[in-house]
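The values are calculated or read from the model by the stated rules, or taken from the named source; none is laboratory data. Please read these numbers as outputs of a predicted model, since none were measured by experiment. Cβ coordinates were reconstructed from backbone atoms using ideal geometry, including for glycine residues, and neighbour counts include every protein chain displayed.
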Amino acid sequence: MRTTPVVVALVASVALFWGQVTANQTLDIFKTCKVGKPGFDSCVMNGLNTMQTFFNTGLPQYNIGSFDPFFAKEVSQKRGGTNMNYQLKLKNVYERGWTKSHVTKFRSDPRNYMIKYSQFFPDKYVEGDYEIVGNVFDYPLNNKGRFNISLYNYTQTTTAVCRPYIRGVNESQSGPVKVKIQQDGIGDMKLHITNILKGRAALENVLDSLINVGWRPFLPIVRPLIDDLVSTAFTDIFDKYFHNFPFQEIFRQ
């Protein structure tokens, strides 16, 4: 059935909000959401926002872990070019703030096996370790340390796609869940990075202040890099948790 793959992707959003709610309770919340029927998108969005308080517990009965905090063991990014040539690794990354988030828009697109939703976070906090090697504007980098970032009145849009592929003559299975996350707006940001100048504390303190006062003009430059890192992390976790999720227990055609 053509709508099946996109419902798999839908569950990647819906299941985040369940926590330890039983299957019957979940069905009650989404029982009026009929795939392909008018009002389906608004029905799902309302259901998601009803369940948002359960982000931090995950769904143990389906082997789905917590999303508040969200944890990534390692996320890597590599860039090559004249002005930016580097390899960055973020390790032991924790992201907090999902429980207080709110879905503001939700759209399903069965024809393209896709869902797209926008989310508002009053505040989001990310911390972890980093390692970077390379050159940025001819400045050599070979650093490792800790980082933390606080985002306030933050909005993002998530697009999840789960396309089918054919196995055999009449057998069709869903492919991996792929996620793209785009930052839409930031009210304010605080960023702190240790050892960014290899332990030169006085200069690092000055740079820290400059970053936190004057980050806005540089946001358009670094936004695509940040979006790429976040999308990579959530593609891995969405596919791990939701690729084989029993979506048929939640939605009815």
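What's the total number of residues in segment 122-134 that are under 18 Å from the mean Cα position of the chain (by Cα) and of a type in the set (Phe, Trp, Tyr)?
Going through segment 122-134 one residue at a time, the tally reaches 1.
Need pairs with beta-carbon distance below 7 Å; first residue farther than 20 Å from LEU191 by Cα and within segment 116-136, second among the hydroxyl-bearing types (Ser, Thr, Tyr) and outside any strand (DSSP E or B); sequence gap 6+ or separate chains.
Once the first residue is farther than 20 Å from LEU191 by Cα and sits in segment 116-136, its partners that are among the hydroxyl-bearing types (Ser, Thr, Tyr) and outside any strand (DSSP E or B) give TYR117/SER13; GLN119/SER101.
Please find, among ILE221, ILE166, ILE211, the residue that is modelled with pLDDT under 85 and in a helix (DSSP H, G or I).
Within the list ILE221, ILE166, ILE211, the selection yields ILE221.
Select, from GLY80, GLY97, GLY47, GLY39, the only residue that is out of contact with any strand residue (DSSP E or B) (no Cβ under 6 Å at 6 or more places or on another chain) and at positive phi.
GLY39
Determine, yes or no, whether PRO38 is part of a strand (DSSP E or B) and at pLDDT below 90.
no
Taking segment 111-121 as the search range and keeping residues that are over 15 Å from the mean Cα position of the chain (by Cα) and either surrounded by fewer than 19 Cβ atoms within 10 Å (Cβ to Cβ) or among the hydroxyl-bearing types (Ser, Thr, Tyr) (or both), which one is farthest from PHE55 (Cα to Cα)?
Taking the candidates together, the pick is ARG111.
Can you tell me which residue in segment 181-208 is nearest to ASN143 (Cα to Cα), limited to those that are at pLDDT 85 or above and in a loop (DSSP other than H, G, I, E, B)?
ASN195
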